[in-house]
1. Cut-off 10 angstrom, C-alpha nodes, Gaussian network model of the chain. Which of 221, 251, 178 fluctuates the most?
2. How do 75-88, 196-209, 111-124, 53-66 rank on mean C-beta neighbours within 10 Å, highest first?
3. Taking each pair of different alpha-carbon atoms in region 174-223 once, compute 1/r for the pair, average those values, and report the inverse of that mean as the Kirkwood hydrodynamic radius in Å to one decimal.
4. Over region 124-241, what per residue volume does the convex hull of the Cα atoms give, in whole Å³?
5. When you take every Cα atom in region 82-131, what is the radius of gyration, and what is Dmax, the widest Cα pair distance, in Å?
6. Run the helix sum for the chain: -39,500 (n - 2.57) per DSSP H stretch of 4+ residues, divided by residue count, reported at 222 nm to the nearest 500 deg cm²/dmol.
7. Suppose we keep just the alpha-carbon trace of region 47-200; what are its Rg and Dmax in angstrom?
8. Suppose R0 equals 35 Å; then what is the FRET efficiency for residue 217 and residue 23 from their Cβ-Cβ distance, rounded to the nearest 0.05?
């Protein structure tokens, strides 16, 4: 869905409240000196705020959201089954020349999938690892199984043109040529909104994806600014000086909040920035 069309749907908050929240968020960002893209979308078609929504950022692990959507789309279409076993082999192919590269467990956020090398794992279990503990190994296995072109087609179908999934993780040759996955806050917001509305694949498949996102283990960003116990389905992404969080927050008036941060070395500082923004958004959206 084009960003301008989304803006026409977002009018629930009184204009003065929207403007005040916008100012408070900008003050938080300015105090940290970071570059931030933000998309706030109400699930009931109400309030919304955008800050640099179309600015491109390295996607980091937020690109795993469209990978998950494509997995469930293919399962819905009968092209695969979530309990289908996949051979676990640490061997991937660069998009530059097809040469083989491997991932290192020391550079990954999870070691569990590596213990299955030479064995198999169900596709659904790989998806769980990819989202909840952000396993790069699981992501690369799924990307090669699903096909990058299929993932791109699904992103386009959902109207999230600012999300560009080119490759798996740690393809150094591609990185050296500037070929990296990227996203905008607007595009990631569209994908999360589609999942929340049951429109990414189907109501049943999307509910299953929400359940996975709710099991996210890294909660120092958007969830840290919410009252304890608030249900939140989200996906994070971090690399050097990049820290993102994209969330569906189930408060009195549910909403999607995407915060993309670039330029802060210390992830504790960038996490605090996101938590502070999240806290201000919650105050306004829970009125």
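A short reminder: the numbers here are calculations on the coordinates, not readings from a lab. Everything numeric here is computed off the predicted structure, so don't read it as measured data. Methodologically, a virtual Cβ is constructed for each residue, glycine included, from the backbone with ideal geometry; neighbour enumeration extends over all protein chains shown.
1. Taking springs between Cα atoms under 10 Å, the residue moving most is 178.
2. Details: 75-88: 13.3, 196-209: 17.3, 111-124: 15.1, 53-66: 23.0.
Highest-to-lowest ranking by the protection proxy: 53-66, 196-209, 111-124, 75-88.
3. 12.8 Å
4. On the way: hull volume 14.5 nm³, N = 118.
So the per-residue Cα hull volume is 123 Å³.
5. Answer for region 82-131, Rg first and Dmax second: 11.8, 32 Å.
6. Values: 10 runs with 117 residues, N = 287.
Result for the chain: -12500 deg cm²/dmol, rounded to the nearest 500.
7. 15.4, 50
8. Details: r = 34 Å, r/R0 = 0.96.
Computed FRET efficiency for residue 217 and residue 23: 0.55.
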